[in-house]
Amino acid sequence: MTLHKPPSAASNLRWPQPIGSPVLDSLRPVIEHSRDVKTNLPKLIEVAQWMAYEELPVPQYSIPFAADSGNASQAIDFTLVAVTIDFAFTDFQNHTKFQVDYAGTHYSDSDALFACMKRALDEGTPILDGAYLATITRAQLAHAFRGNIELPLLDERVEMLHQAGQILQAKYGGRYHNFINDCSPRCYDKGNGIVERLTAEIPRFHDSSPYDGHEIKIDKLAQLGVWIMYCNFRKSGAFQLDDTEKLTAFADYIVPAALRVMNILEYSPALDHAIKTYQLIPRDSTQEVEIRAHTLYATALLREEINKIRPPDMQTIIPQIDARLWLPYHTTFWPHHLTRTIMY
């Protein structure tokens, strides 16, 4: 039986202006009928009043290290192989974050993953090649990603690399850059956009959840991979993306934690207690879907409020808001929700 809030509760919601994103367009059933998560609009507007005056730059990610070589194709391969396994960096038993030291620098969670990939390349491991990925063993992956702890969900990462490697080898000469070159230089383009193609052709990138009989699209990793390539290669022209304004935030563990610290997201006592006591929030549960959906909804509204204040030549897009939240908080000790999932 579908549970609904009274109509008056839904009618008080404010919906972001359409940006041409199937992800954002799919969220309404969750936002209107959430049981455990709420977006505090007055607090969101209050945060926008000071965040609007920050720089909010397009970030330069530490990935891909391969960009240093000037080889754009290799850099694209590096980015998308990394994003294929860019999930779950906190041990589910002792809550320790995955970390590694590489080339004199200390890295944590996803940054540590990227550092391990560069170290593997330095050691001669062909970790960007689809044929190698299609047959990589657990022991080989554990060695490549050795750090302070075993990389969580290692078996699932082996499976994801096998899946992607087989598809790349069968259709794209074993390389992600051939896949990108075969797509339209847009996120969405009548089925030929990069996000559309990733989610349609490589199953691990299809990231959606059921909610009260509706399919809620999230597509975190497909969008993140496109955004990272845009950020890192836009000045060189090595990667073209013509509709960045259609990207949403990247619903993960960290961005909702940042929104929670700022009191933009509010949780029910039961959910708040579960997170603070490190209880697992099941994948596709209403609580997990609500956390992710409200993360996307709140960041879309935050971007709108910020742009109301900023001049025309300083308008932002949603991923810039995501970066403002993720970068300062990805090593925070504030407890984030824990979900065993390959999606983030």
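Which one of Glu150, Glu156 is surrounded by 15 or more Cβ atoms within 10 Å (Cβ to Cβ), at pLDDT 95 or above and of a type outside the set (Phe, Trp, Tyr)?
Just one listed residue meets the conditions, Glu156.
Which ranges mark the strands (runs of 3 or more DSSP E) fully within segment 203-303 that have 1 or more residues being more than 16 Å from Arg28 (Cα to Cα)?
Correct list: 265-267.
Being farther than 18 Å from Asn40 by Cα and in contact with a Leu (Cβ under 6 Å, 6 or more places away or on another chain) narrows it down to one residue among Arg283, Arg324; which is it? Even if it seems obvious, please write down each step before you answer.
Working: Arg283 fails: in contact with a Leu (Cβ under 6 Å, 6 or more places away or on another chain).
When all the criteria are applied, what remains is Arg324.
Within the set of pairs 6 or more residues apart or between chains, which connect a residue that is within 27 Å of Asn181 (Cα to Cα) inside segment 235-263 to a residue that is part of a loop (DSSP other than H, G, I, E, B) and among the hydrophobic types (A, V, I, L, M, F, W, C) with Cβ atoms less than 6 Å apart?
So the pair list comes out as Asp243/Cys187; Thr244/Ile317; Glu245/Ile19; Glu245/Ile317; Lys246/Ile19; Lys246/Cys187; Ala251/Ile218.
Condition check: of a type outside the set (Lys, Arg), buried (at least 20 other Cβ atoms within 10 Å of the Cβ) and under 29 Å from Tyr188 (Cβ atoms). Does Ala238 satisfy that?
Details: of a type outside the set (Lys, Arg): yes; buried (at least 20 other Cβ atoms within 10 Å of the Cβ): no; under 29 Å from Tyr188 (Cβ atoms): yes.
Here the answer is no, as Ala238 does not meet what is asked.
On the given criteria, is Thr199 buried (at least 17 other Cβ atoms within 10 Å of the Cβ) and either in contact (Cβ under 8 Å) with a residue 12 or more places away in the chain or polar (S, T, N, Q) (or both)?
yes
May I ask you to say which residue of Asp313, Asp322 is more than 16 Å from Asp252 (Cβ to Cβ) and among the acidic types (Asp, Glu)?
Just one listed residue meets the conditions, Asp313.
Of the residues Leu141, Leu168, which single one is under 19 Å from Gln74 (Cβ atoms) and surrounded by 16 or more Cβ atoms within 10 Å (Cβ to Cβ)?
That would be Leu168, the only listed residue that is under 19 Å from Gln74 (Cβ atoms) and surrounded by 16 or more Cβ atoms within 10 Å (Cβ to Cβ).
Kindly indicate which of Ala249, Ala257, Ala293 is closer than 29 Å to Leu80 by Cα, buried (at least 18 other Cβ atoms within 10 Å of the Cβ), touching a His at 6+ places or on another chain (Cβ under 6 Å) and among the hydrophobic types (A, V, I, L, M, F, W, C).
Ala257
Run down Tyr172, Tyr188, Tyr176, Tyr107 and say which single residue is modelled with pLDDT of 95 or more, in contact with a Phe, Trp or Tyr (Cβ under 9 Å, 6 or more places away or on another chain), among the hydroxyl-bearing types (Ser, Thr, Tyr) and within 26 Å of Ala249 (Cβ to Cβ).
Details: Tyr172 fails: within 26 Å of Ala249 (Cβ to Cβ); Tyr188 fails: in contact with a Phe, Trp or Tyr (Cβ under 9 Å, 6 or more places away or on another chain); Tyr107 fails: modelled with pLDDT of 95 or more.
The match here is Tyr176.
Quick one: what pairs do we get from segment 27-46, first residue within 11 Å of Asp212 (Cα to Cα) and surrounded by 16 or more Cβ atoms within 10 Å (Cβ to Cβ), second at pLDDT below 95 and not aliphatic (A, V, I, L, M), C-beta under 9 Å, 6+ apart or different chains?
Once the first residue is within 11 Å of Asp212 (Cα to Cα) and surrounded by 16 or more Cβ atoms within 10 Å (Cβ to Cβ) and sits in segment 27-46, its partners that are at pLDDT below 95 and not aliphatic (A, V, I, L, M) give His33/Thr2; His33/His4; His33/Lys5; Ser34/Lys5.
Identify, by number, the condition in (1) farther than 14 Å from Leu56 by Cβ; (2) in a helix (DSSP H, G or I) that Arg324 doesn't meet.
All conditions are met except number (1).
If a residue has to be of a type outside the set (A, V, I, L, M) and under 10 Å from the mean Cα position of the chain (by Cα) to count, how many in segment 201-252 make the cut?
8
Mind checking which residues of segment 315-344 are over 16 Å from Pro282 (Cα atoms) and of a type in the set (Lys, Arg)? Full working, then the answer.
So in segment 315-344, the residues over 16 Å from Pro282 (Cα atoms) come out as 315-335.
Result: Arg324, single match.
Is it true that Arg186 is closer than 30 Å to Glu245 by Cβ, crowded, with 17+ Cβ neighbours inside 10 Å and of a type in the set (D, E, K, R)?
Here the answer is yes, as Arg186 does meet what is asked.
The values are calculated or read from the model by the stated rules, or taken from the named source; none is laboratory data. Since the model is a prediction, treat every value here as computed from it, not as a measurement. A quick note on method: Cβ atoms are made from the backbone with ideal geometry, for glycine too, and the neighbour counts reach across all protein chains shown.
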